[in-house]
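Enquirer: One structure is given below, represented as structure tokens, and several questions about it will come after.
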Amino acid sequence: MTSFDVIIVGGGASGLMCAMTAGQRGRRVLILEGSNKIGKKILMSGGGRCNFTNRLVEPANFLSANPHFCISALGRYTPWDFIALVEKHGIAYHERRHGQLFCNDSAKDILAMLVAECAQVGVRILTQCTVRAIQAPVGGDAMSGKAASDDPARARFRLDTDQGEFSAASLVVATGGLSIPKMGASGFGYDIARQFGHTVLPPRAGLVPFTFSDGFKAISERLSGLAVETALSVPEACFRENILFTHRGLSGPAALQLSNYWPLGAPIRIDLFPGESAQDWLKLRKKAQPRSLLRTLLGERLTRGLVLELQSMFWSAWAETAIADIPDAALVQLADDLQAWTVKPSGTEGYRTAEVTLGGVDTRELSSRTLESKRQPSLYFIGEVVDVTGWLGGFNFQWAWSSGHAAGQFV
Ligand SMILES: Cc1cc2nc3c(=O)[nH]c(=O)nc-3n(C[C@H](O)[C@H](O)[C@H](O)COP(=O)(O)OP(=O)(O)OC[C@H]3O[C@@H](n4cnc5c(N)ncnc54)[C@H](O)[C@@H]3O)c2cc1C
């Protein structure tokens, strides 16, 4: 049995941050990573450039059954703290829309930075390690939440793995969510949570493209590859961003963002005149270019392929009629159609392509300051395994850094 102060299960974004923070406090830390490599999602993130944080982080950018939970950790390790670390390592970065920060060169720089910080404080990392069983601290009762033992030296978690037995005073679960199973994602963190009496709120794929099985599927196939600026909405949320038509349905930032808020089976609304009035625009065009066809006028704003699809759905009866000869009532209806094009996804692409997993370990059973379990002393849950999910745009990594740092200060 090899002993450590802290064992972290999962060598992803939050696990590495927690390890370096605890190591800097002189803790002896072991990371147990199930797959053959640590930080795989960091490497594939942001199209290989890692959108590592967002300058405009607000609690409102996160979804959780307990929306205030994230405030404490986010406030104590902010985007500026992570930016300072990135700058200390001389990593060049740039800002894109909506405060998103990306590496200039490669996501590899972020992983190399975290690995270097961990190495500097002697963090040990085992990859391809299967944790077979976890035993609560000797004398402890996982379900009652009572102190594990009168003698703190004996109060240790014991982990049986295929690479030996390990013990530690603190155990951190940083196994992430279920997204992208081929990258090593597993539900093991949820199993550990349940073992110690935690509630796991139902996990669901998030930041994921929509799929369709009705007539819209053929439209999206025909328009596949086309990006259009829209406001995409369900009653609970609206995102003004691009949508991208794909062979399976709708992707692009607006669709990914909206998927986090989409109630299964609900229709979604596409506004092709975001922030504008289509009715006013049509009125103006009617005055300015009375002899033009609608498809010619709309062709000034939208690509021809999309205009032809819209024409066959919304104004086929007026296809060859000059706008001056189309009754105002028909134009009002058309304006409505263009601003509230309602489509009904049959589902999403699921965990295969989802960037995150919604739901997870119920935050009401964790300390928001330390991420420690309220059911089992010295057990911590950080990162995506917790029921805190960020928007697209660097928010999920910021949660990984902030929650990892919060726990790393207390383990
Ligand atoms: C394609 C893609 C692109 C993304 N791009 C961005 C982006 O640009 N910006 C952003 O903010 N977020 C992005 N995300 C989301 C972000 O990657 C995650 O939110 C973040 O990595 C979560 O950190 P984590 O430490 O909780 O989990 P992870 O980083 O997923 O780490 C979990 C680790 O635990 C390991 N593990 C799982 N099961 C076990 C087990 N049984 N035993 C041991 N180890 C185990 C996994 O192999 C993994 O290494 C992206 C996600 C994907 C899939």
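Any read-out appearing in this document is the output of simple, stated calculations on the displayed coordinates, not a laboratory observation. Treat the numbers as computed from the prediction; the structure is a model and nothing was measured. Here Cβ is always computed from backbone atoms with ideal geometry, including for glycine, and neighbour counts include all displayed protein chains.
Enquirer: Applying 1/(1 + (r/R0)^6) with R0 = 25 Å to the Cβ-Cβ distance of Glu95 and Ala65, what FRET efficiency is obtained, to the nearest 0.05?
Expert: My answer for the efficiency is 0.20.
Enquirer: Here is a follow-up. Give me log10 I(q)/I(0) at q = 0.12, 0.14, 0.21 Å⁻¹ for the range 210-348, Debye formula, one equal scatterer per alpha-carbon, no solvent.
Expert: Log10 I(q)/I(0), no solvent term: -0.47, -0.64, -1.27.
Enquirer: Rounded to the nearest 20 debye, what is the charge dipole size of the chain about its Cα centre when +1 sits on each Lys and Arg Cβ and -1 on each Asp and Glu Cβ?
Expert: 420
Enquirer: About the Cα centre, and with charges only on the beta carbon of Lys, Arg (+1) and Asp, Glu (-1), how big is the dipole of the range 69-138? Nearest 20 debye, please.
Expert: 260
Enquirer: More than 38 angstrom separation, counting every C-alpha pair in the chain; what % is that?
Expert: Value for the chain (Cα pairs over 38 Å): 31 percent.
Enquirer: Per DSSP H run of at least 4 residues, take -39500 (n - 2.57); add these up for the chain, divide by its residues and hand me the 222 nm value, nearest 500 deg cm²/dmol.
Expert: Per the formula, -8500 deg cm²/dmol.
Enquirer: Hey, any idea what the orientation-averaged projected area of the convex hull of the range 281-377's Cα atoms comes to, in nm²?
Expert: 11.5
Enquirer: How much length would be gained if the chain were fully extended between Arg364 and Arg291, taking 0.36 nm per residue of separation minus their Cα-Cα distance, in nm to one decimal?
Expert: This chain segment gains 19.9 nm when fully extended.
Enquirer: Something else about it: How much FRET efficiency would the formula 1/(1 + (r/R0)^6) give for Gln163 and Ser213, where r is the Cβ-Cβ distance and R0 is 60 Å, rounded to 0.05?
Expert: For R0 = 60 Å, the calculated efficiency reads 0.85.
Enquirer: Test of understanding: what is the full-extension gain from Trp80 to Ala317, defined as 0.36 nm times their sequence separation minus their Cα-Cα distance?
Expert: 79.7 nm
Enquirer: If you take the beta carbon distance between Thr2 and Asn104 as r and set R0 to 41 Å, what does 1/(1 + (r/R0)^6) give as a FRET efficiency, to the nearest 0.05?
Expert: That pair, Thr2 with Asn104, gives E of 0.50.
Enquirer: On to the next question. Taking +1 at the Cβ of each Lys and Arg and -1 at the Cβ of each Asp and Glu, which of Ala324, Gly26, Phe188 sits farthest along the dipole of the chain towards its positive end, judged by Cα position relative to the Cα centre?
Expert: Value: Gly26.
Enquirer: By how many degrees, between 0 and 90 and to the nearest 10, does the Cα long axis of helix 108-120 differ from the longest principal axis of the chain?
Expert: Approximately 10 degrees, to the nearest 10.
Enquirer: Give me the distance in nm between label points sitting 7 Å out from Cα along the Cα-to-Cβ direction at Leu43 and Met183, one decimal.
Expert: Distance between the two pseudo-spin positions: 1.1 nm.
Enquirer: Could you tell me which of Val208, Asn396, Gly15 has its Cα farthest along the dipole of the chain towards the positive end, charges placed at Cβ (Lys, Arg +1; Asp, Glu -1), taken about the Cα centre?
Expert: About the Cα centre, the residue reaching furthest to the positive side is Gly15.
Enquirer: Could the peptides 83-94, 396-407, 226-237 be put in order, highest first, of the mean number of other beta-carbon atoms found within 10 Å of their residues?
Expert: Result, highest mean Cβ count within 10 Å first: 396-407, 226-237, 83-94.
Enquirer: Neighbouring Cβ atoms within 10 Å as the yardstick, rank Ser167, Ser220 fewest first.
Expert: Ordered from fewest to most neighbouring Cβ atoms within 10 Å, Ser167, Ser220 come out as Ser167, Ser220.
Enquirer: By average Cβ neighbour count within 10 Å, what is the ranking of 60-73, 263-276 from highest down?
Expert: Output ranking for 60-73, 263-276: 60-73, 263-276.
Enquirer: Shifting gears a bit: Choose one of Thr370, Leu114, Trp315: the residue whose Cα lies farthest towards the positive end of the charge dipole of the chain (beta-carbon charges +1 Lys, Arg; -1 Asp, Glu; about the Cα centre).
Expert: Selected residue: Leu114.
Enquirer: For a quick check: with amide H placed at 1.01 Å from N, whose amide H comes under 5 Å from Ser179's, ignoring anything fewer than 5 positions away on the same chain?
Expert: Thr357
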